[in-house]
Amino acid sequence: MRSTGTVLRELRGAQKTARGVSLYSRYVNRPAGRLFAAAAYRIGLTPNQVTLVSAAFTFSAIAAVALFRPSPGLALAVYAGLAVGFALDSADGQLARLTGRGGPDGEWLDHVVDCAKMILVHTAVLIAFQRYGGPPGGGWLLLPLGFLFTAVLTFCAGLLREQLGRAAARPGTGPGAAAPASRLRALALLPADYGVFCLVFLLLGDRDAFRVGYAALAAVHALFLALFLVKWFRELRALRTDG
């Protein structure tokens, strides 16, 4: 079996493109995922098993948000679970590329877990608001529902854009097909990164601070959704015109 150092070097050479990836994912989550992928390789886990381990960390953290009264200790535990789950979510793909054991089943499982994660995390916040005497006034309960709508629509629309664009584009063509990764764009994408979203749960022990942080991220994600929808529609329309 290859040494850990060799595995890490091979994983560095088998990374996805940095284009369209925020600074957090590029410099924090992917390197952490690389370490997890190397460890998974050493103990003989498959990519799908890593996906399931990722789901276990993520869903345990989400369940804690709904089931336990907010506190500083809970905040740290929830953040740790979400952050580790996110890093493992990167590790499964890296392990698949390293071992050549990826396939449509793994991609499907990864997307299913991602979708479930987005639905459940905002549902858990809604439950926490309701159970633990969250914000005054029932109108605040609409906030997690709005964030849920934004997250799911962004996920589904982005996935469709990727699949439809891949089917319509000729090799080497398509909007931005050869565009290099932009550090400025990676910085601008930070507020929309799931890893940054996880950070807001560090505020869970302070209800007011958590509400403000969660609401601010909800507004930012809604803005990004509007921008992404316009961008993706124009890109797909350009592919139709080019064809």
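Remarks
- L52-D206 FRET efficiency (beta carbon distance; Förster radius 41 Å; 0.05 resolution): 0.80
- Taking all protein chains as shown and a probe of 1.4 angstrom, K117 keeps an accessible surface of around 20 Å².
- Accessible area in the full protein assembly, largest first, 1.4 Å probe, for D105, D92: D105, D92
- Modelled spin-label separation between A63 and L76, with each label point placed 7 Å from Cα along the Cα-to-Cβ direction: 2.3 nm.
- Two-site FRET efficiency, Q130 against L187, from Cβ-Cβ distance with R₀ of 35 Å, rounded to 0.05: 0.45
- With the simple model of a label 7 Å out from the Cα in the direction of the Cβ, L142 to A238 spans 3.7 nm.
- With R₀ set to 45 Å, the beta-carbon distance separating D105 from A219 gives a calculated FRET efficiency near 0.75.
- Rg/Rh for region 90-168, where both radii come from Cα atoms and Rh is the Kirkwood radius: 1.15
- Region 67-127: C-alpha gyration tensor shape, a/c 1.5 cut-off, then a/b vs b/c: oblate
The values are calculated or read from the model by the stated rules, or taken from the named source; none is laboratory data. Remember, it's a predicted structure, so these values are computed and weren't measured experimentally. Positions of Cβ are backbone-derived with ideal geometry, glycine not excepted, and every protein chain shown enters the neighbour counts. These accessible areas exclude ligands, DNA and RNA; they are computed on the full protein's heavy atoms, side chains included. Shrake-Rupley method; radii C 1.70, N 1.55, O 1.52, S 1.80 Å.
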